[in-house]
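Okay, so here's the structure we're looking at.
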Amino acid sequence: MKRCMDRCRKRRTKRWMRAALLCCMVLPLVGCGFRRVNSWEWLKIADNVVGVLGASQITADEELLGQRACHDDGYVGSYEAQCQGGTGRDVVFGGGSIEPRRLQVYGRILTEAGQATVRIRMNEEVAELAVDEEGRFETELRLKSGGNYIMVDYEGFSGTVELISIRLPLDWDGKDALASCADGQGSRPGAGRRGCGGR
């Protein structure tokens, strides 16, 4: 019971901190006057506001079933979970942004019991990554502006999940996000061209 109360208290504190941060970003606009802000500054302000709102969807470190190491932003890093009958959802990477991103996501699920599934949410669209017979998965993501998240869903899972997300240079070629996976073109850099579930 005490543990549940501590979690609720932490969540309330986080919400207040986010609201205070949002106020800190908006108040300078009011004080300085809206007419003096150029379009580049508006873009940065909008991205910050969207980022703060999007970060609220990410699972806090202390609530993760696994361990996460973020790199330059909330979209890039590594994650590993070793579970014994774990159930729940870890929203591992992602956030809200008005900037496009290109990511390579790959890893491995070693299942002893239950099920673990890697899902990608791109705004309203959700896709599930397929694994091969060795439990490996990989895909390239071209994320558009909005809310984009990489998550792992667990159902009575015992085993190990490894997940890595790296940033790639933007290379817009007209394909939608996850189009490379659907076409069997997902691959890790330096790994040659393979299907989304293969290595």
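The values are calculated or read from the model by the stated rules, or taken from the named source; none is laboratory data. Worth saying up front: this structure is predicted, and the values here are computed from it rather than measured. A quick note on method: Cβ atoms are made from the backbone with ideal geometry, for glycine too, and the neighbour counts reach across all protein chains shown. Note: accessible area is taken over every heavy atom of the protein model, side chains too, but ligands, DNA and RNA are not part of it. Shrake-Rupley method; radii C 1.70, N 1.55, O 1.52, S 1.80 Å.
Among the residues of the range 83-105, those that are open to solvent by 10 Å² or more (accessible area, probe 1.4 Å), part of a strand (DSSP E or B), more than 15 Å from ARG119 (Cβ to Cβ) and in contact with a Lys or Arg (Cβ under 9 Å, 6 or more places away or on another chain) comprise ARG101, ARG102. Go through the range 134-149 and give me each residue that's at pLDDT below 95 and of a type in the set (A, V, I, L, M, F, W, C). The answer is LEU141, LEU143.
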